[in-house]
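*Asks:* What follows is a single structure, and I will ask about it in a moment.
Laboratory data are not the source of any read-out in this text; all were calculated from the coordinates shown. Quick caveat: nothing in here was measured; it's all calculated off a predicted structure. We place every Cβ from the backbone using ideal geometry, glycine too, and count neighbours over all the protein chains shown.
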Amino acid sequence: MSGGTTLVLPQCAVHRDPRWWDDPETFRPERFASNAGWPEYAYFPFGGGPRHCIGMRFARMEMKTVLATILSEYTFELSSDPDPDLIASTNLKPDEPIRVKLHEHANEAAQ
Ligand code: HEM
C-alpha cells in the first residue's frame with residue numbers, strides 16, 4: 001500500500017459479522033445495553049482514531065432524547081416492505097422509502 005491510498009472500512013459488513021455478533025441480522029438494540037466484550041472496532045458507527053466523529057456524544061444524546069420523546073406519545077407501525085433491498089452508498093440505505101404509521105397513545109390525562 002502506498003501513501004495516498006484510500007481505505008474504506010465496510011461498517012455494514014463488520015457490523016454484521018457473526019464472529020462478533022450473535023444473530024447479527026436481527027434488530028436487537030438491547031445487545032448494546034452492556035458492553036459485552038466485543039473487540040474495539042467490531043462496532044464503529046462514528047469511525048475511529050484521531051479523526052473520529054466529533055459529534056458522537058451529541059448525536060447519541062439527541063437520538064435518545066428524540067426517540068424517548070416520540071415514543072412516549074406514539075407507537076410506530078411499519079407499513080412498507082419489512083425486508084427491503086439495500087443500497088451501499090456512504091451509508092447503507094433501503095432502496096425504497098420506509099413508511100410507518102404513527103398511533104398516538106391514549107391521552108391518560110383526559111380519562
Ligand atoms: C448518527 C449520527 C452520526 C454518525 C453515524 C456520524 C458518523 C461519522 C463518521 C463515520 C465520521 C468519520 C470518522 C472517521 O473518519 O473515522 C464522522 C466525522 C465527523 N462528524 Fe459525525 N456522525 C454523526 C453525527 C454528527 C454530528 C451530530 C456532528 C456535529 C454536530 C458530526 C460532526 C462530525 C465532524 C465535524 C466529523 C469530522 C471529524 C474530523 O474529520 O476530524 N457528526 N462522523
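*Asks:* Residues that are out of contact with any helix residue (DSSP H, G or I) (no Cβ under 9 Å at 6 or more places or on another chain): list the strands (runs of 3 or more DSSP E) wholly contained in the chain that include at least 3 such residues. Step through it out loud before you land on a result.
*Replies:* Values: elements: 74-78, 86-88, 92-94, 100-104.
Hits in the chain: 74-78, 100-104.
*Asks:* Next up: Quickly run through the range 78-110 and pick out the residues that are closer than 21 Å to residue 30 by Cβ and of a type in the set (Asp, Glu).
*Replies:* Passing the criteria: none in range.
*Asks:* So, one more: From the residues in the range 51-74 that are loosely packed, with under 11 Cβ neighbours inside 10 Å and among the small types (Gly, Ala, Ser), which one is farthest from the ligand (Cβ to nearest atom)?
*Replies:* Result: 72.
*Asks:* Is there a residue being within 16 Å of the ligand (Cβ to nearest atom) and on the phi > 0 side of the Ramachandran plot anywhere in the range 75-91?
*Replies:* Going through the range 75-91, the residues within 16 Å of the ligand (Cβ to nearest atom) turn out to be 88-91.
Add one more test, that the residue is on the phi > 0 side of the Ramachandran plot, and what stays is none.
No: the range 75-91 contains no residue that is within 16 Å of the ligand (Cβ to nearest atom) and on the phi > 0 side of the Ramachandran plot.
*Asks:* Across the range 6-27, what is the number of residues that are surrounded by 10 or more Cβ atoms within 10 Å (Cβ to Cβ) and more than 18 Å from residue 60 (Cβ to Cβ)? Step through it out loud before you land on a result.
*Replies:* Step one: filter the range 6-27 for residues surrounded by 10 or more Cβ atoms within 10 Å (Cβ to Cβ), giving 9-17, 20-21, 24.
From what's left, more than 18 Å from residue 60 (Cβ to Cβ): 9-10, 12-14, 16-17, 20-21, 24.
Residues that pass the stated criteria total 10.
*Asks:* Same structure, new question: Output the residue which, of all residues in the range 11-50 that are in contact (Cβ under 8 Å) with a residue 24 or more places away in the chain and away from the ligand (no atom under 11 Å from the Cβ), is nearest to residue 90 (Cα to Cα). Talk me through it step by step, then tell me what you get.
*Replies:* At the first step, the residues of the range 11-50 found to be in contact (Cβ under 8 Å) with a residue 24 or more places away in the chain are 11-12, 14-15, 17, 41-45.
Right, trim to away from the ligand (no atom under 11 Å from the Cβ) and you get 12, 14-15, 17, 42-43.
Values: 12: 10, 14: 15, 15: 15, 17: 19, 42: 18, 43: 17 Å.
If we take residues in the range 11-50 being in contact (Cβ under 8 Å) with a residue 24 or more places away in the chain and away from the ligand (no atom under 11 Å from the Cβ), then 12 is nearest to residue 90 (Cα to Cα).
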